[in-house]
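S.K.: This structure is in structure tokens; I'll ask about it shortly.
The values are calculated or read from the model by the stated rules, or taken from the named source; none is laboratory data. Computed from a predicted structure; not experimentally measured. Cβ atoms come from the backbone with ideal geometry, glycine included; neighbour counts cover every protein chain shown. Ligands, DNA and RNA are excluded from the accessible area calculation, which covers all protein heavy atoms including side chains. Shrake-Rupley method; radii C 1.70, N 1.55, O 1.52, S 1.80 Å.
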Amino acid sequence: MPIRQFQAHRMHAPRDFQAIENHPICIEIGAGKGKHALLFSGQHPDLKLIAIERTREKFLAMQKQHQLEGQSNLTPMHADALPWVVHALFPQQVQQLFILYPNPEPHNPAQRWLNMPFFEFLISRLAVNGTITLASNIPEYIEEAEQQLKQVWHLPYEKQVIASDSARTHFEVKYLERGELCQQLIISKPENYTTRFDDFQPLRGQNTQVTESKDGE
Ligand SMILES: C[S@@+](CC[C@H](N)C(=O)[O-])C[C@H]1O[C@@H](n2cnc3c(N)ncnc32)[C@H](O)[C@@H]1O
């Protein structure tokens, strides 16, 4: 069954939204306290990364550490990723997208990233040969994502087991210390892949009734 179309035009601009330029960019969604964002931007000074985190305390921790380390190619962003992506990103702008250890949403499968109509919009922002890295410690989360990739999104991917000494994020450290199996999918966007949003230009702060933050986040 085709997934219902994401209502991009209905997204209100995030609070204090600032537009970005249309240059190649990497994006992390749900960056937490920014461990991966700080590492990645340090290791790839030639790439620009915007690390989005919705929860205020975690965003502030990332911002504080970023001020200490000072990577000029990293921009921490306090926002809900959905409206921010719709307002900020241009089609095919994203080189690499990271979603590392997303909330498993046990009672709300429709809120898992690959089950959301928004995922189609996200693919439209990805450059040809761009990648999405999706990591999880929950085998069923990875299996469901694989099924969605095959049956709904028709995107190629590679499945990898994460090494037990990897330490990219706070959650990764915690899960690997507990001896849990952590896996990731590296999803890539082939040439000639089309979505219903390929001509959708960023709203750039139009529609400016600001989004309310969720649960005080
Ligand atoms: C389980 S934590 C993982 C954090 C980090 N990636 C790590 O591995 O340590 C998931 C994070 O995603 C954030 N998040 C969930 N939905 C989001 C959204 N729509 N926009 C931005 N951040 C979101 C949550 O606030 C939370 O910090």
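S.K.: In whole angstrom, how far apart do the alpha carbon centroids of the range 96-148 and the range 20-75 sit?
M.R.: 20
S.K.: If you don't mind, there's one more thing I want to ask. At what distance in nm do the modelled label points of Leu39 and Gln7 sit from each other, each positioned 7 Å from its Cα along Cα→Cβ?
M.R.: 3.9
S.K.: To the nearest 0.05, how large is the calculated FRET efficiency for Arg15 and Ala163 if R₀ is 41 Å and r is the Cβ-Cβ distance?
M.R.: On the way: r = 39 Å, r/R0 = 0.95.
For Arg15 and Ala163, the calculated efficiency is 0.60.
S.K.: Can I ask one more? Ignoring ligands, DNA and RNA, what accessible area per residue does the range 1-90 give at 1.4 Å, in Å²?
M.R.: So the range 1-90 comes to 53 Å² accessible per residue, rounded to a whole number.
S.K.: Residues in the range 117-159, backbone N under 20 Å from the label point at Leu181 (7 Å along the Cα-to-beta-carbon vector): list them, ranges by number please.
M.R.: 134-150, 157-159
S.K.: So what does log10 I(q)/I(0) come out to for the chain at q = 0.08, 0.11, 0.18 Å⁻¹, using the Debye formula with one equal point on every Cα and no solvent?
M.R.: Scattering profile of the chain, log10 relative to I(0): -0.26, -0.52, -1.54.
S.K.: Okay, next question. Share of the range 23-187's accessible area from carbon and sulfur, percent, 1.4 Å?
M.R.: Looking at the range 23-187 in its full context, I get 50 percent from C and S.
S.K.: Straight-line reach from Lys159: which aspartates and glutamates have Cα under 14 Å away, leaving out those fewer than 8 places along the same chain?
M.R.: Leaving aside aspartates and glutamates fewer than 8 places away in the same chain, those within reach of Lys159 are Glu140, Glu143, Glu144, Glu146.
S.K.: What are the lysines whose alpha-carbon lies under 24 Å from the alpha-carbon of Lys64, with same-chain residues fewer than 8 places away excluded?
M.R.: Lys33, Lys35, Lys48, Lys174, Lys214
S.K.: Hey, could you grab the Kirkwood Rh for the range 37-83? Inverse mean 1/r over distinct alpha carbon pairs, Å, one decimal. Present the calculation step by step, with values, prior to reporting the outcome.
M.R.: Working: mean 1/r = 0.0927 Å⁻¹.
Taking every pair of different Cα atoms in the range 37-83, averaging 1/r and inverting gives 10.8 Å.
S.K.: Sticking with this structure for a sec: In the range 23-187, with Lys and Arg counted as +1 and Asp and Glu as -1 at Cβ, which of these residues, Leu122, Gly179, Ile162, has the Cα nearest the positive end of the dipole, that is, farthest along it?
M.R.: Ranked along the dipole, the leading option is Leu122.
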